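For reference, the structure discussed in these notes is given below.
Here, each number is a calculation from the coordinates, and none is a lab measurement. Small disclaimer: the values here were computed from a predicted structure and weren't measured. Cβ sites come from the backbone with ideal geometry, for glycine too, and all protein chains shown count toward neighbours.
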Amino acid sequence: MSDLLAGRVAIVTGAGRGIGRAHALELASHGAKVVVNDFGVSLAGEGTGESPADEVVALIREAGGEAVANGADVADFAQAEAMVRQAIDTFGGLDILVNNAGFVRDRMLVNTAEEEWDAVIRVHLKGHFAPLRHAGAYWRAESKAGRQRAARVVNTSSGAGMQGSVGQATYSAAKAGIAGLTLVAAQEMGRYGVTVNAIAPVARTRMTEGAFDTSAMAVPEDNSPIVAWLASEDAADVTGRVIEIDGSTMTVENGWAHGPSRDAGARWKAADVGAGLREMLAEAPTPEPVYGA
């Protein structure tokens with residue numbers, strides 16, 4: 001067992017299966033005490049009554065680590081608060097929050113039902129906000145009390161949120177929102193000793209299997225060493241970043257940035273907009289294509 005995260009306390013959401021499970025096991029292998037959260041839902045977000053978190057906890061304990069299961073719905077504000085409190089009460093504090101929980105309901109935009117939109121946005125975007133809100137409040141209180149922690153947040157965005165993905169308008173919007181949340185949280189929470197980053201993982205999971213050929217895709221475990229390092233005290237100088245991981249390749253996403261501009265010196269006239277905008281577009285980099293285009 002490595003000591004990279006020795007003595008540190010972590011919450012990993014959606015950690016019963018797939019990428020979250022790999023994260024929980026990886027963090028524990030480096031000495032972290034882990035709250036393994038999983039609500040126990042199907043790929044479409046429906047309740048199953050299963051408790052996959054218990055199996056992950058058992059594996060961690062068998063390897064000599066410390067872990068407890070948590071069944072909170074991370075998009076429920078009160079349950080997210082109780083999950084943060086469980087980590088503090090059980091292990092004496094909280095140092096790491098890995099927001100990973102999510103599911104998909106793939107549809108072309110014109111076929112997407114309101115309920116499908118609401119469900120995906122809720123679990124991904126609110127499911128990041130609620131745990132981050134309560135963990136952040138704890139870290140702020142600790143900092144003000146003179147007990148500032150080297151706290152780390154690792155959110156989960158996606159290439160779909162960075163470049164877009166045909167047939168995944170809702171998922172892409174949620175993941176883009178998580179990237180934006182990451183940038184703001186990094187700025188707001190840095191004063192309390194907190195770094196906030198996001199990963200855009202590529203992996204063969206139950207989310208991707210069946211949607212397309214996944215035989216050549218990376219496995220969930222390929223993402224977790226990067227998360228472990230971002231969760232360490234050594235990563236204090238890295239914040240507000242989105243890092244794509246595809247097997248052995250790491251890529252820093254650049255995101256939106258100001259490009260070419262024109263100042264008309266007064267309010268633009270509609271008749272002049274086309275020529276000015278086309279000049280700027282000719283100077284700007286060509287956007288990366290949407291996945292599936």
Point to revise | Choice from VAL219, VAL57, VAL35 with maximal GNM fluctuation in the chain (Cα, 10 Å cutoff) | key: VAL219
Review point. Under DSSP H, which helices of the chain have Cα atoms covering 15 Å or more of the helix axis and a Kyte-Doolittle average no less than 0.0?
Key: 18-29, 52-62, 77-91, 169-189, 270-283
Review point. What distance in nm separates the simple spin-label points at ASP118 and ARG191, each placed 7 Å from Cα in the Cβ direction?
Key: 3.7 nm
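For TYR291, TYR171, what's the fewest-to-most ordering of other Cβ within 10 Å of each Cβ?
Starting with the residue having the fewest Cβ neighbours, the order is TYR291, TYR171.
With contacts defined as alpha carbon pairs under 8 Å and 6 or more residues apart, what's the relative contact order of the range 9-252 in percent? Could you put the intermediate results ahead of the total?
On the way: 530 pairs, mean separation 45.8, N = 244.
Dividing the mean separation by the residue count of the range 9-252 yields 19 percent.
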Review point. Just from its helices, what would the mean residue ellipticity at 222 nm be for the chain, if runs of 4 or more DSSP H residues each count -39500 (n - 2.57) and the sum is divided by every residue, rounded to the nearest 500 deg cm²/dmol?
Key: -12000 deg cm²/dmol
Exercise for review: Work from the charge dipole of the chain (Cβ charges, +1 for Lys and Arg, -1 for Asp and Glu, about the Cα centre) and give the residue of LEU132, ALA63, THR249 farthest towards its positive end.
Suggested key: LEU132
**Study point:** Sites excluded, trypsin sites (Lys or Arg not before Pro) in DSSP loops with at most 14 other C-beta within 10 Å, longest stretch of the chain
**Key:** 1-146
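Sort LEU4, LEU281 so that the residue with the fewest other Cβ atoms within 10 Å of its own Cβ comes first and the one with the most comes last.
Numbers: LEU4 19, LEU281 11.
In order of increasing Cβ crowding within 10 Å: LEU281, LEU4.
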Revision key, fill the gap. Ranked from fewest to most other Cβ atoms within 10 Å of their own Cβ, LEU125, LEU97, LEU5 fall in the order LEU125, LEU5, LEU97
Check your understanding: Computed from these coordinates, which is Cα extents along the principal axes in Å: (1) 69, 47, 37; (2) 57, 45, 40; (3) 63, 46, 30?
Key -> (1)
